[in-house]
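**Student:** I have a structure I would like to understand better, so I am pasting it below and will then ask my questions one at a time.
The values are calculated or read from the model by the stated rules, or taken from the named source; none is laboratory data. Quantities reported herein were computed from a predicted structural model and do not represent experimental measurements. Glycine gets a Cβ as well: all are built from the backbone with ideal geometry, and neighbour counts include every protein chain shown. Please note that ligands, DNA and RNA were not included when accessible areas were found on the heavy atoms of the full protein model with its side chains. Shrake-Rupley method; radii C 1.70, N 1.55, O 1.52, S 1.80 Å.
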Amino acid sequence: MSGPIINWIDKRFPLTSFVKHELTDYPTPRNLSYWWNFGFLAGIVLVMQVATGIFLAMHYKADASLAFDSIQHIMREVNYGWLLRYMHAVGASAFFFVIFVHMARTLYYGSFRAPRELLWWTGQGLLLMLMATAFMGYLLPWGQMSFWGATVITNLFKVTPFIGDDIVIWLRGDYSVGDDTLTRFFSLHYLFPFLIIGAVIVHLVALHTVKSSNPSGIDLKAKDNIPFHPYFTAKDLYGLGIFLIVYSVFVFFMPNSLIEPANNVPANPMVTPNHIVPEWYFLPFYAILRSVPNMFGGVVAMALAVMMFAFMPFLDRSRIPGGARYRPIYRIQFYLFLLDMLVLGYVGYKPPTNPSIVVVGQVATFCYFASFFVVPFVSKMEESWLIKRGLPQGIMELMEREKRDLEERKQEHRRRKGDTV
Amino acid sequence: MSTLLKVMLLGLLSMSAYAEEAKLEKIEVATDKPALARGAEDWMNNCHSCHTMKYVKYRDLLNLGIDKAKVDGWRGEASLDTPVIAQMSEADDMATFARVPPDLSLMAQARDGGPNYMYSYLIGYYLKPDGTAGNHVFPETKMPDPLGISSASDAAQRSEIKKTAGSITSFLTWAADPHAGERTKLGNYVMVYLVLLSGLLYLVKKQIWSRLK
């Protein structure tokens, strides 16, 4: 970049060097597949949610007696209000879809392993914030499912030892979900996306420190890295086009397929819907909550279920890079886990009145945790089996190099410790 | 990772297969203005006595192409911008049905099955052996058979009632989401645009990547 204006700025702000460092010179593995598009897509969905959300907030009324009507005002009278609302509602589902694929890709290719642990953990934090934001946003239309969903979930905090009841009241701002709950959820629903943006920046700084992993799992030598811009900007934009096509099918042709019919009935504390279901993206975790017969156990299991992903860098003890690509058993584990998620989602969707559904849910819950807990043992056994069977040359070399590096670092550490003594 | 997609699709399919259980009559709702205007009239004649539609205003009915004189007759003194409120008072409702008939503006989207539920409910009345009317879809309903299908035995009369139920259902489906027509129309343009755009972006991507050896 050149020109007098850019020059003027560059003397005062590292614009050119920033663009160079983060885009035009930023090395990206050439072999990234389309599964690597989803981080970019998540960023775009975040921007769309903030943009539509800000305009919705101009017409929405966070007041228990006005909220439901104000949504209908947006749907009927505000110019293109229906478009804003459907984009935002479908956008929430799109966000989770994109994030789930992004996480699945990370798990499949083992991208959470050293040195990307912090990248993975900031992602875990983002998932939690996304869940909180979606949960609070779902109360705002003030329909039956909004009200009862918030009632059921805030009620879970009762299990906190000693101060459970107080925490529930503190969260709701009242003894039951009501106007005070609505106003605080609205306020926080507006705040959280900005916290998410901050966390995304941390996530990106971590990414640009360790750089992208890649489907081969091997650290590519410089010649296989290409600059992010223009190669991956072009690839990401094409992916965005495809994403927007799918997104628009939902927004324009089936926006109500993701809205529970019961949420078109205004909230009524006197009438419990006969079947309270959360949004689809919470269903697997909801199924785990219900599968534990004891409420305290259920809440702990659900919280743990969401947090399990964070343990993966510790659980996966195989030194073979590339995740499922070079690890047939890990690959099977991955697909079984996905299958288990789908079963849990189905169980979460069904009312728990059918005893066989309950049993299926309990088995699937067991399998969910088991699939994490077996990872350390299976990964170690798989590693020695694969080494005995023979690995591609490049991978063996990489593993030996990593081992040497680790040894060296340990010795270095010991030497330094010896100095201070 | 294509196996992943297949597994997911399979899961989704099995989920939708289980989603609906009650057997409801299927209905193809009409979306053209004349049909909606007819439905609105049928609704006014058969349902307005008990039910409110608080998100529908008299002006909306006018915009559907209903005669000004007719709308004026319905609204009486009320302005065009007042919502369509039930004729019966809530006190009378409580005395008669022990409940207030629900608002119907969103009803076509407020029950599992949507318009199919609505239609099946309206034509689901039948005569029980004791001479009172029952309903297949909502057995314990307090609403008296509004279209009189339970006492109609003549085939022509029954099909006439079903037609009325269908046109009312179409009107209520419109009322629940009045911009649906505009939405799908805009959606078609958006789809064409996005498909063309994605095609171009694909070519751009290919062109740029072809610089790599």
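**Student:** Can you name every residue in the range A:78-106 that is of a type in the set (A, V, I, L, M), open to solvent by less than 20 Å² (accessible area, probe 1.4 Å) and in contact with a Gly (Cβ under 9 Å, 6 or more places away or on another chain)?
**Tutor:** A:98
**Student:** In the range B:88-130, how many residues are under 26 Å from residue B:159 (Cα atoms) and open to solvent by 50 Å² or more (accessible area, probe 1.4 Å)?
**Tutor:** 7
**Student:** Okay, moving on. Restricting the range B:145-184 to residues that are within 24 Å of residue A:261 (Cα to Cα) and without any contact (Cβ under 8 Å) to a residue 12 or more places away in the chain, which is least open to solvent (accessible area, probe 1.4 Å)?
**Tutor:** Per the stated criteria, the residue is B:183.
**Student:** While we're here: If residue A:210 passes every condition in (1) open to solvent by 30 Å² or more (accessible area, probe 1.4 Å); (2) within 14 Å of another protein chain (Cβ to nearest Cβ) but one, which one does it miss?
**Tutor:** For residue A:210, the failing item is (2).
**Student:** Something else about it: Run residue B:149 past the list (1) under 20 Å from residue B:40 (Cα atoms); (2) assigned to a helix (DSSP H, G or I); (3) of a type in the set (A, V, I, L, M) and report the number of the one that doesn't hold.
**Tutor:** Just one mismatch for residue B:149, condition (2).
**Student:** Considering only residues that are open to solvent by less than 60 Å² (accessible area, probe 1.4 Å) and within 30 Å of residue A:65 (Cβ to Cβ), which ones fall in the range A:267-316? Give the steps one after another, and end with the answer.
**Tutor:** If we filter the range A:267-316 for residues that are open to solvent by less than 60 Å² (accessible area, probe 1.4 Å), which is where we start, we get A:267-268, A:273, A:275-279, A:281-289, A:291-292, A:297-299, A:301-303, A:305-306, A:308-310, A:312-313, A:315-316.
Residues satisfying the conditions are A:267, A:268, A:273, A:275, A:276, A:277, A:278, A:279, A:281, A:282, A:286.
**Student:** Only residues that are more than 12 Å from chain A (Cβ to nearest Cβ) and touching a residue at least 40 places away in the same chain (Cβ under 8 Å): list them for the range B:98-123, please.
**Tutor:** Hits for the range B:98-123 are B:98, B:101, B:119, B:120, B:122, B:123.
**Student:** A further question follows. The conditions are (1) away from chain B (no Cβ under 14 Å); (2) at pLDDT below 95; (3) crowded, with 18+ Cβ neighbours inside 10 Å, and residue A:219 fails exactly one of them. Which is it?
**Tutor:** Here residue A:219 meets the rest and fails (3).
**Student:** Kindly indicate whether residue A:277 is of a type in the set (Val, Ile, Thr), touching a Ser or Thr at 6+ places or on another chain (Cβ under 7 Å) and touching a residue at least 12 places away in the same chain (Cβ under 8 Å). Steps first, please.
**Tutor:** Details: of a type in the set (Val, Ile, Thr): yes; touching a Ser or Thr at 6+ places or on another chain (Cβ under 7 Å): no; touching a residue at least 12 places away in the same chain (Cβ under 8 Å): yes.
No: the conditions fail for residue A:277.
**Student:** Next question. For the range A:248-266, what are the residues that are under 26 Å from residue A:354 (Cα atoms), out of contact with any His (no Cβ under 9 Å at 6 or more places or on another chain) and either open to solvent by 20 Å² or more (accessible area, probe 1.4 Å) or of a type in the set (A, V, I, L, M, F, W, C) (or both)?
**Tutor:** Just the residues of the range A:248-266 that are under 26 Å from residue A:354 (Cα atoms), to begin with: A:257-263.
Adding the requirement that they be out of contact with any His (no Cβ under 9 Å at 6 or more places or on another chain) leaves A:257-261, A:263.
A:257, A:258, A:259, A:260, A:261, listed by residue number.
**Student:** Oh, and also: Mind telling me which of the residues A:78, A:101, A:90, A:152 ends up being in a helix (DSSP H, G or I), in the same structural domain as residue A:51 (by TED's automatic domain parsing), closer than 30 Å to residue A:178 by Cα and of a type in the set (A, V, I, L, M, F, W, C)?
**Tutor:** On the way: A:78 fails: in a helix (DSSP H, G or I); A:101 fails: closer than 30 Å to residue A:178 by Cα; A:152 fails: in the same structural domain as residue A:51 (by TED's automatic domain parsing).
None of the others qualify; the one that does is A:90.
**Student:** Which condition from (1) over 17 Å from the mean Cα position of the chain (by Cα); (2) more than 14 Å from chain B (Cβ to nearest Cβ); (3) open to solvent by 30 Å² or more (accessible area, probe 1.4 Å) is the one that residue A:128 breaks?
**Tutor:** Against the list (1) over 17 Å from the mean Cα position of the chain (by Cα); (2) more than 14 Å from chain B (Cβ to nearest Cβ); (3) open to solvent by 30 Å² or more (accessible area, probe 1.4 Å), residue A:128 comes up short only on (1).
**Student:** Another question, if that's okay. Is it the case that some residue within the range A:329-352 is more than 22 Å from residue A:144 (Cβ to Cβ) and not in a helix (DSSP H, G or I)?
**Tutor:** no
**Student:** Continuing with the same structure: What are the pairs with Cβ atoms under 6 angstrom where one residue, in the range A:62-83, is touching a residue at least 40 places away in the same chain (Cβ under 8 Å) and the other, located anywhere, is among the polar types (S, T, N, Q)? Sequence gap at least six, or different chains.
**Tutor:** A:62/A:183
**Student:** Hey, another quick one. Looking at (1) in contact with a helix residue (DSSP H, G or I) (Cβ under 9 Å, 6 or more places away or on another chain); (2) surrounded by 13 or more Cβ atoms within 10 Å (Cβ to Cβ), which is the one condition that is false for residue B:57?
**Tutor:** (1)
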